[in-house]
1. Show me the ranking of peptides 24-31, 177-184 by mean Cβ neighbours inside 10 Å, starting with the highest.
2. Order these peptides, 56-66, 337-347, by their mean beta-carbon neighbour count within 10 angstrom, highest first.
3. For Lys38, list the lysines whose Cα falls under 16 Å from its own Cα; do not include residues on the same chain fewer than 8 positions away.
4. Multiplying the sequence separation of Lys305 and Glu246 by 0.36 nm and subtracting their Cα-Cα distance, what value in nm do you get?
5. Let me know the shape class of the range 11-130, please: from the alpha-carbon gyration tensor, a ≥ b ≥ c as square roots of the eigenvalues, rounded when a/c is under 1.5, otherwise prolate if a/b is greater than b/c, or oblate.
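What follows draws every value from the coordinates through simple rules; no lab data is involved. This structure is a prediction, so every number in the text was calculated from the model and none was measured. Cβ coordinates were reconstructed from backbone atoms using ideal geometry, including for glycine residues, and neighbour counts include every protein chain displayed.
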Amino acid sequence: MQNDPNAAAHPSVIDHERLSSLINSMADGVLAIDEDLKIVLYNGSALNILDVNGSIAGKPIVQVLQPITKDGEHIDVWSLIHSVTTPTATRDYFLEYDDHSRSALYLSIAPVHAGYGKQGVQGYVLLLRDITHEKSLEEERDEFISVISHELRTPVTIAEGSMSNAIFAAEQPKMDRKTLMEALKAAHEQVLFLANLINDLSMLSRADQENLVLDITSINMHSLLERLVDGFRRQASEKGLELELELDPKLELLQSGKLYVEEILQNLLTNAIKYTQKGSVHVKAWPTEKGVSVSVRDSGIGISKVDQEKIFQKFFRSEDYRTRESSGTGLGLYVTMKLIHLLQSDLEVSSELNHGSTFTVHFVNME
């Protein structure tokens, strides 16, 4: 019998079309499979997540879905699905694509039962979701907690010990003023470190939430750099370093955010002195067609080629033992780059391991 084109569509056809429209509107990938684990229904999101082109109807699920563990071990999908008796979900699997890239996978498996009063399973419905970004945020959060816990523990312990020594020295019948002052100085240094850490975290929070307010003013770079360098002279002198400042006589005003320009230069000077054990730190500034360029050159430990690609990542700290000897959170350069982008400026890095580093910021005039 031929279908009458004027006849009303069969209810089952309408229901199937509605179902197809429904699952195709879903952001999650949907795969419906029969009792033989062959695909009977799917949506476009599933094809995107699986990185598949063309129809997958009628294909065995084990040919299409091949999840792996974090360590790269393949999951037996056939056994996994058959072991499911109630709706089950996991966030522990990954998909690996032809270019060897990976995506973190949320996988939910729900059995479809034959119906009331009947036994057996007619098939399964699988939900797929790419949670790579969520996983990245979770790992970043865990790393943040680990790093901050470690960075807080050391200064708090030292400060507590130093204050205990100071109290003990002050309680002695013949107070040892030298011991007392050394203990108080040590505790004070750790409190300053904690204050700087809090400032870094505050700046990090505002930078990540893009809540930084830009107040553009005319900046006298000559005066700003002289004041900044003078503020670091004592710190450099204590390490036996020469701190040099070279200013082009034609240096002009810079139209930019003064607070953030100063923050950037402070971070670069702090790092230059911190990672230079002997020699000098040289600061140079000159006018450019678009604004002002400032370079901070040191004779320090330098940065390897591999690490140069990572130094602006949040919490990154080199495995070089000389870097680990100095305290730090790995936030300074991350925040610095955030501020440089906010100021629509650029940063160049030139460094060689054991032969120092040069960081050059090309500030631009902003309107």
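1. Ranked from most to least packed, the peptides come out as 24-31, 177-184.
2. 337-347, 56-66
3. Output for Lys38: Lys59.
4. 18.4 nm
5. oblate
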